[in-house]
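Nothing in this text is a laboratory measurement; each read-out follows from the coordinates by a stated rule. Computed from a predicted structure; not experimentally measured. Cβ: placed from backbone, ideal geometry, glycine included. Neighbour counts: every protein chain shown.
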Amino acid sequence: MKKLIAGLLFLIMLFALSMCITNKPATLIETPSKSNLPPIDREFRAAWVATVANIDWPSAPGISSRKQKEEAIAILDSLYSLNMNAVVLQVRPQCDALYESALEPWSYYLSGEQGKAPQPFYDPLKFWIEEAHKRGIELHAWFNPYRAHHPKGGEISSFSVVKTHPQLVRKVQGGYHWLDPSMKETQDYSFDVVMDVLKRYDVDGIHFDDYFYPYGDGSFPDDSTWQAYQRNGGKLNRKDWRRNHVNQFIKRLYDAIKKEKNYVKFGISPFGIWRPGNPASIKGFDQYNMLYADAKLWLNKGWIDYWTPQLYWPINQMPQSFPVLLGWWVGENKMKRNIWPGLYTGKVKNKQGITENLSQIMITRGFLPGNPGQVHFSMKSFLRDTLGLNKALKNGPYKNRVLVPISP
């Protein structure tokens, strides 16, 4: 027996020695190499759910909490059935909240009365996040950083920022009210609102759209802050001064998001044209000089995790061609961020429109083969589909489920 034990000990020692020499784990199962693993398909497939003016959800202000939840479930089930993997939900359409907030009032678009909570009470954002995650769908919280009041947002109530912070608000064209982006107090206010949601909710992304300074003729009633800047020795011209404040806000927020929760993505969806003539064949609206949004700078500097330019034009519309603009933005992606363009799916009105939509999806895959993606405007395009768009997507480019691309 002693000889048997000694022999076994000797064999064990030899085995251990061989493991040290070969530097292999002592296991009978070989770990498969990366080359043996099946490929993982990835693509960002999302839709915007606009709450401003009740575009997508809820269907009308003042409907019951039960009805709101039913409509939210219908949206998420539709996304899931289409093999989509993200939803971009507008949670702050006009300095109000579609979630429980100590900083801003409940949204008019929920209850029909600004400042009034849903009845019976529930937290819509919390509900959306939980239900989205049950389906493997990311939820990106969409904020408008500066719009104070929309003309379709009911009466200006005593809870409105127009009344509670009048020093920050300017009345602009079309019955809108806007926070003055040049004021440090404005930046602090909107910064705190976004960070409050980031800290308290399990969101997967923070999202801005194209509204910085309001659309219009490029004018903005900021004489008082501009004159104060000049009196204090400011050297920038007025347009650069406006752009500089927006730039500071974007950079500040990106840095803060990465510091607080670096796994949460920050995305911006700017107007699809940076400036006419970029590239040479492009004509149209100049966001640089009208919205004071230097979108190219933000992409060049990598102050975002994903970029969703609103490329709302057909492939063969030469002055605003979809692939020409997409190729230009890809060329400006100096920091290799994800580019997932916005598609105007709401324009699909016939079979030709379906073909156009599917073709744009395939073009994004061609330009961005590693991490493709698209965001559709807006969700009601899929809920009210009478042309067969959903079937075409499900049988075509969205046939299989995929994961969201990784972010650098």
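Rounded if a/c is under 1.5, else prolate if a/b is larger than b/c, else oblate: which is segment 214-309, with a ≥ b ≥ c the root eigenvalues of its Cα gyration tensor? Walk me through the numbers before you get to the answer.
Details: a/c = 2.35, a/b = 1.17, b/c = 2.01.
Oblate.
With a simple spin-label model that places each label point 7 Å from the Cα along the Cα-to-Cβ direction, the separation between residue 289 and residue 259 comes to 3.7 nm.
For the chain, the longest principal axis of the alpha carbon atoms and the long axis of helix 2-22 meet at an angle near 40°.
Students often get this wrong, so check it: of 116/199; 199/251; 239/265; 69/116, which have C-alpha atoms separated by over 21 Å? Over 21 Å apart, Cα to Cα: 116/199; 239/265. Dipole size of segment 40-395 about its Cα centre, with +1 on Lys/Arg Cβ and -1 on Asp/Glu Cβ: approximately 740 debye, rounded to the nearest 20. Were the residues from residue 121 through residue 191 laid out at 0.36 nm apart, the gain over their Cα-Cα distance would be 22.5 nm.
Highest GNM mean-square fluctuation among 357, 395, 85, for the chain modelled with Cα contacts below 10 Å: 395.
When the charge dipole of segment 40-395 is built from unit charges on Cβ atoms (+1 for Lys and Arg, -1 for Asp and Glu) and taken about the Cα centre, the candidate among 280, 317, 58 whose Cα reaches farthest toward its positive end is 280.
Note on segment 40-395: antiparallel DSSP beta bridges, both residues inside, total approximately 15 percent of the bridges counted.
Between 167, 187, 287, the GNM of the chain built on Cα springs shorter than 10 angstrom shows 167 fluctuating the most.
Helical runs (DSSP H, four residues minimum) scored at -39500 (n - 2.57) apiece and divided by the length of the chain put the mean residue ellipticity at 222 nm at -11500 deg cm²/dmol.
For the chain, averaging the sequence separation of C-alpha pairs within contact (under 8 Å, six or more residues apart) and dividing by the residue count gives a relative contact order of 17 percent.
Spacing of the modelled spin labels on residue 223 and residue 155, each 7 Å from Cα toward Cβ, amounts to 3.1 nm. When each of 208, 121, 249 is scored by the number of other beta-carbon atoms lying within 10 Å, the sequence from fewest to most is 121, 249, 208. Contact order for segment 230-298, expressed relative to its length and based on alpha carbon pairs under 8 Å spaced 6+ residues apart, stands at 34 percent.
Once the Cβ-Cβ distance between residue 67 and residue 315 is put in as r, and R0 is 56 Å, what FRET efficiency do you end up with, to the nearest 0.05?
Working: r = 39 Å, r/R0 = 0.70.
Efficiency for this residue pair is about 0.90.
Could you list 140, 165 in order of exposure, starting from the residue whose Cβ has the fewest other Cβ atoms within 10 Å? Show your work: numbers first, answer last.
Working: 140 25, 165 15.
Least crowded to most crowded, the residues run 165, 140.
Normalised by the number of residues in segment 263-408, the mean separation of alpha-carbon contacts (under 8 Å, six or more apart) gives a relative contact order of 21 percent. Between 0 and 90 degrees, the angle of helix 65-81 with respect to the longest Cα principal axis of the chain falls at about 50 degrees. The long axis of helix 351-367 is offset from the longest Cα principal axis of the chain by roughly 60 degrees.
The DSSP beta bridges internal to segment 87-227 are antiparallel in roughly 35% of cases.
What's the extension gain from residue 349 to residue 334 if we count 0.36 nm per residue and subtract their Cα-Cα distance? Don't jump to the answer; show the numbers that get you there.
Working: separation 15, 0.36 × 15 = 5.40 nm, distance 3.66 nm.
The span from residue 349 to residue 334 would gain 1.7 nm if fully extended.
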